[in-house]
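Structure, as structure tokens:
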Amino acid sequence: MKLQTFHVASADWSRERDREALLDIRQRVFIDEQAVPESRERDGHDDNCWHVLARDDDGTPIGCGRLGDDHKIGRLAVLPAWRGHGVGAALLCELMSRARTQGATAVILAAQLSAIGFYERAGFSAHGDVFDDAGLPHRMMQLTLPPAGHGDVEARDVGSLPASDRDQTAATRLQLLQETRHRLAICIPVLTADSYASVDELAALRRIAISGRGAHIRILLHDPAAGLRNDHRLIALAQRLPSAMQIRTPLEEADLAYPSSYLLNDAGGYLFQPEANRPQGRAACHDRAAQAPLQQHFDHVWERAERAIVLQTLDI
């Protein structure tokens, strides 16, 4: 098994499929493996939490976690076969990023003693006495988060970009398009009127498409028919530049259920929105480490996707 052959995205507790995936992982890790009582594991707080799921390349759930309204991280679990492959760290990073977009100044968690080192490597500090929780010894841990837009040295090194509201995300998306040299990958469930449709965005996309040999814009679009019905300007541009702009539609249920959107450019820049219909996300100008799992996810889905059949009559 290779590193980074997985992706992390938000999960909707109200959706039966996501809820069953979350509960299955927690059943196997907490109840079956660690003997946590089911009544304790199912604590009734899930409706008020933001959840994340990690899936392998086949779409099989392999890890999960949640963030409460009190900015408390919990239910972080990874299936045994995937431990030691960066899944837990990726889930934790996603939860911390979400907390920052919510304006949190710190996140807390109750860590099993055996996991203290894992959380310390992520920057958490333990405090208080050891206490029992569901028969397992725990300590409280906390991590102070830098204010959004005022990242630490590591964040500045990767050129962190703001993506906390609609205007910020639109400006970040345009900046990343303008910084693209020749190659671009876009994954988006549905094209909306405010995504990839402004004059400046279309100008940047056209420049990339005609930038010379090797120019390539790949777009994974879950619902190309909607863009066609709405006369989205990106569809029209792809019609005019079919050799450089390719649109494919995922076929597999797990790929079509993917709720996030992202943009990846050839300068190492990325914009990731855990929930495609919400503007909040995270982005950077040159962070290839964070871009890598998204690029791998894109490449795998691209290979098993098909040319957007509904657009073929338009010779796209």
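Bear in mind these aren't lab numbers, they're just calculated from the coordinates by the rules spelled out. Everything numeric here is computed off the predicted structure, so don't read it as measured data. No Cβ is skipped: glycine too gets one built from the backbone with ideal geometry, and neighbour counts run over all protein chains shown.
Run the numbers on segment 211-289 and let me know its relative contact order in percent, using alpha-carbon pairs under 8 Å that are six or more apart.
Numbers: 85 pairs, mean separation 17.5, N = 79.
In percent, rounded to a whole number, it is 22.
When only Cα pairs below 8 angstrom with a gap of at least 6 residues are kept, the chain shows a relative contact order of 16 percent.
Converting phi to 3J(HN,Hα) with the Karplus coefficients 6.51, -1.76 and 1.60 and the offset θ = phi - 60°, segment 257-272 yields 7, 4, x, 9, 9, 7, 10, 10, 10, 8, 9, x, x, 8, 10, 10 Hz in sequence order, with x at every glycine or proline. Relative to the Cα centre, the charge distribution of segment 159-314, modelled as +1 at Lys and Arg Cβ and -1 at Asp and Glu Cβ, gives a dipole magnitude of about 520 debye.
Explain nothing, just the number: dipole magnitude of segment 152-249 about its Cα centre with +1 on each Lys and Arg Cβ and -1 on each Asp and Glu Cβ, in debye rounded to the nearest 20.
Dipole about the Cα centre, nearest 20: 660 debye.
Round to the nearest 10 and give me the degree value, 0 to 90, for the angle of helix 288-304's Cα axis relative to the longest principal axis of the chain. Helix 288-304 sits at roughly 60 degrees to that axis. The base-10 log of I(q)/I(0) for the chain, evaluated at q = 0.14, 0.15 Å⁻¹, reads -1.09, -1.22 [Debye formula, identical scatterers on Cα atoms, solvent excluded]. Close amide H pairs (under 5 Å, H built 1.01 Å from N) link L76 with R66, residues at least 5 positions away or on another chain. Taking the Cα centre of the chain as reference, the dipole from Cβ charges on Lys and Arg (+1) and Asp and Glu (-1) amounts to some 1060 debye. Whole-Hz Karplus values for segment 108-122 come out as 10, 6, 9, 9, 4, 4, 5, 9, 4, x, 4, 6, 5, 5, 8 Hz, taken residue by residue from phi with 6.51 cos²θ - 1.76 cosθ + 1.60 and θ = phi - 60°; glycine and proline positions read x. Taking amide H as placed 1.01 Å from N in the peptide plane, A244 has no amide H partner under 5 Å among residues 5 or more places away or on another chain. Mind checking which of R218, R66, R229 has the largest fluctuation in a GNM of the chain, springs on alpha carbons under 10 Å? Of R218, R66, R229, the Gaussian network model singles out R229 as fluctuating most.
When the chain is fully extended, how far beyond the present Cα-Cα distance does D70 get from S39, taking 0.36 nm per residue of separation? Could you put the intermediate results ahead of the total?
Values: separation 31, 0.36 × 31 = 11.16 nm, distance 2.16 nm.
That works out to 9.0 nm of additional length.
Toward the positive end of the charge dipole of the chain, with +1 on the Cβ of Lys and Arg and -1 on the Cβ of Asp and Glu, the farthest Cα among V107, F118, L251 is that of L251. Summing charges over neighbours of A204, with a neighbour being any other residue whose Cβ is under 14 Å away from its Cβ, gives +2 when K and R count +1 and D and E count -1.
Separation of segment 41-100 from segment 169-202 is 29 Å, based on Cα centroids. The fewest-to-most ranking of Y196, Y270 by surrounding Cβ atoms within 10 Å reads Y196, Y270. Between amide H atoms placed 1.01 Å from N, distances below 5 Å from A11 occur with H51, V52, L53, all of them 5 or more places distant or on a separate chain.
Report the net charge of residues surrounding A305, where surrounding means a beta-carbon distance below 14 angstrom and charges are Lys +1, Arg +1, Asp -1, Glu -1.
On the way: positive: R218, R248, R304, R307; negative: D57, D223, E252, E253, D255, D299, E303, E306.
Around A305, the surrounding residues sum to -4.
Here the Karplus curve 6.51 cos²θ - 1.76 cosθ + 1.60, taken at θ = phi - 60°, turns the phi angles of segment 197-210 into couplings of 10, 6, 4, 5, 5, 5, 5, 5, 5, 5, 4, 4, 5, 10 Hz, with x standing for Gly and Pro. Which one, Q175, Q27, Q112, has the greatest fluctuation when you compute a Gaussian network model over the chain with C-alpha springs under 10 angstrom? Greatest mean-square fluctuation among the candidates belongs to Q112.
Mean-square fluctuations from a GNM of the chain, with a 10 angstrom spring cutoff on Cα atoms, peak among H216, H45, H232 at H45. For segment 6-102, the relative contact order comes to 28 percent (Cα pairs under 8 Å, sequence separation of at least 6).
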